[in-house]
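Worksheet for the structure shown next.
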Amino acid sequence: MPAKLRLVALSALLLGGFAQAADSLTIDVHRDANCGCCKDWIKHMESNGFEVNDHVETNMATVKQELGVPPRLGSCHTAVINGQFIEGHVPADQVIALQARPDLLGLAVPGMPMGSPGMEYGDRQDPYQVVGLTKKGEIEVVAEYPGN
Ligand SMILES: [Cu+2]
């Protein structure tokens, strides 16, 4: 390869790498217009350094289906980051940790447990799990809250 071409290829590679790093904290959130706890979860993500692209949807069931969220893992909003889904009130640090797990299709906090981010009602705290969906369709517990 001529030196000049090689340089172009190298800078394309570097730029690609930088773009990816900058993208990693940008998250797309799909939610229903009337969902209040979804907006509170968006605030939680933003206060943890995420840039949120907010998408108001008319049919969340279709969105979840298209994004590959199994109905048994369903919650309110569905987010996507780097091709992986985030279903429901998943804590921001788990979304960051997911970036080291490309083997998972996504993460979910099924239902809407009290005390999860965006679901704060006074001191109420339901125990809940953050689960990952493997490419084989298996569910793996990745974290439990409240932590010890
Ligand atoms: Cu919710």
Scanning region 81-97 residue by residue, those in contact (Cβ under 8 Å) with a residue 24 or more places away in the chain, away from the ligand (no atom under 16 Å from the Cβ) and crowded, with 19+ Cβ neighbours inside 10 Å turn out to be ILE81
GLY36 vs. criteria within 13 Å of the ligand (Cβ to nearest atom), crowded, with 21+ Cβ neighbours inside 10 Å and not β-branched (Val, Ile, Thr):
no
Scanning region 81-124 residue by residue, those over 9 Å from the mean Cα position of the chain (by Cα), aliphatic (A, V, I, L, M) and assigned to a loop (DSSP other than H, G, I, E, B) turn out to be ALA100, MET112, MET114, MET119
Residue pairs qualifying under the 7 Å Cβ cut-off, at least six apart or on distinct chains, with the first in region 47-75 being under 22 Å from LEU25 (Cβ atoms) and modelled with pLDDT of 95 or more and the second being among the basic types (Lys, Arg) and within 15 Å of the ligand (Cβ to nearest atom), are VAL56/ARG31
Original post:
When you look at LEU25, is it at pLDDT 95 or above, surrounded by 11 or more Cβ atoms within 10 Å (Cβ to Cβ) and under 25 Å from VAL142 (Cβ atoms), yes or no?
Top reply: no
Considering region 120-135, residues that are under 12 Å from SER75 (Cβ atoms) and in contact with a Phe, Trp or Tyr (Cβ under 8 Å, 6 or more places away or on another chain), and then whichever is farthest from the ligand (Cβ to nearest atom), we arrive at VAL130
The correct count of residues that are away from the ligand (no atom under 12 Å from the Cβ) and part of a loop (DSSP other than H, G, I, E, B) in region 57-80 is 5
Scanning region 62-87 residue by residue, those under 20 Å from ILE139 (Cβ atoms) and among the hydrophobic types (A, V, I, L, M, F, W, C) turn out to be LEU67, VAL69, LEU73, CYS76, ALA79, VAL80, ILE81, PHE85, ILE86
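The values are calculated or read from the model by the stated rules, or taken from the named source; none is laboratory data. This one's a predicted model, so the numbers in the text were calculated from it and none came from an experiment. Using ideal geometry, Cβ is built from the backbone for each residue, glycine included, and neighbour counts are taken over all protein chains shown.
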